[in-house]
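The values are calculated or read from the model by the stated rules, or taken from the named source; none is laboratory data. These figures come from a predicted structure and were not determined experimentally. For neighbour counting, all protein chains shown are included, and Cβ atoms are generated from backbone atoms with ideal geometry for every residue, glycine included. Only protein heavy atoms, including side chains, enter the accessible area calculation; ligands, DNA and RNA are left aside. Shrake-Rupley method; radii C 1.70, N 1.55, O 1.52, S 1.80 Å.
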Amino acid sequence: MRDSMPKITLWWGIALALAGGVLATFVQPGLYSSAWLNTEPGQTVLYFWLLALDLLNTLVIPLGTALIAASLVMFYLRGRSQPVDAERPKRWVLPEPLERRTDR
């Protein structure tokens, strides 16, 4: 059975990066448009919500991109650690050119 850790890491990274983008794009304007946050107690709540959102925006997108990069490194290292078949070429080689047909 193949190791699923790189695939899980890749999907978590994509999910965190997308969630961070959605969080940065839609949640903060949604909080500003809430009518109940225009009161004095609402401004205190808004301040703490925006503080938490800034912390999440600072952490989530870079964490997602780091997880994506880590999964790519895991895929690469897993491919390098597997034994290479003797018949498989170690690099891509152009095929031999075909001889010209002289029977025309």
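Restricting to segment 48-77, name every residue that is touching a residue at least 60 places away in the same chain (Cβ under 8 Å) and open to solvent by 100 Å² or more (accessible area, probe 1.4 Å).
Keep residues of segment 48-77 that are touching a residue at least 60 places away in the same chain (Cβ under 8 Å), which gives 70-72, 74-75.
Once the filter is applied, which keeps residues that are touching a residue at least 60 places away in the same chain (Cβ under 8 Å) and open to solvent by 100 Å² or more (accessible area, probe 1.4 Å), segment 48-77 yields only Leu72.
Taking the condition part of a loop (DSSP other than H, G, I, E, B), under 32 Å from the mean Cα position of the chain (by Cα) and at pLDDT below 70, does Asp103 pass?
Details: part of a loop (DSSP other than H, G, I, E, B): yes; under 32 Å from the mean Cα position of the chain (by Cα): no; at pLDDT below 70: yes.
Taking the combined requirement at face value, the residue does not satisfy it.
Between a first residue in segment 18-34 that is more than 15 Å from Ala52 (Cα to Cα) and part of a helix (DSSP H, G or I) and a second residue that is of a type in the set (D, E, K, R) and open to solvent by less than 70 Å² (accessible area, probe 1.4 Å), which pairs have beta carbons less than 7 Å apart while being 6 or more apart in sequence or on different chains?
none
Quick one: is Val45 surrounded by 14 or more Cβ atoms within 10 Å (Cβ to Cβ), more than 18 Å from the chain's Cα centre (by Cα) and assigned to a helix (DSSP H, G or I)? Steps first, answer last, please.
On the way: surrounded by 14 or more Cβ atoms within 10 Å (Cβ to Cβ): yes; more than 18 Å from the chain's Cα centre (by Cα): yes; assigned to a helix (DSSP H, G or I): yes.
In short, yes.
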